[in-house]
Amino acid sequence: MECNCIDKKSVRRWVKNQKAQMTQADIALQSQCIMEKLMAMPEYDGLENLFIYVNFNEEVVTTKLIEES
C-alpha cells in the first residue's frame, strides 16, 4: 500500500513560500474577507469574551477585530 502523505516540513515550506509572494494589498484584502466572515457568524454575536492574537508579519490582520470587540 502506497502512502501519498505530505510531511509537515514540506507543508510549512509551501505555506511560507505562498505567504512570501503575497503583497501587503493581498494580505489586507484577504484579512478583510476573513474578518467580515468571522464577525458575521452567529457564534460571534453576543460574545462575552474573545481571545485573539495581535498579527505579525504576513498573518491575518486582526486590528479591526480587536478595536471593535
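Structure notes:
- For first residues located in segment 41-69 and surrounded by 10 or more Cβ atoms within 10 Å (Cβ to Cβ), partners that are of a type in the set (Ser, Thr, Tyr) and part of a helix (DSSP H, G or I) and lie 6+ apart or on another chain with Cβ distances below 8 Å form the pairs 55/31; 55/63; 60/31; 61/31; 62/31.
- Restricting attention to segment 28-69, the residues being in a loop (DSSP other than H, G, I, E, B) and among the β-branched types (Val, Ile, Thr) number 5.
- Within segment 3-27, tally of residues that are part of a helix (DSSP H, G or I), surrounded by 12 or more Cβ atoms within 10 Å (Cβ to Cβ) and modelled with pLDDT of 90 or more: 2
The values are calculated or read from the model by the stated rules, or taken from the named source; none is laboratory data. Note that this is a predicted model, so its numbers are computed, not measured. Every residue, glycine as well, gets a Cβ built from its backbone with ideal geometry; the counts of neighbours run over all protein chains shown.
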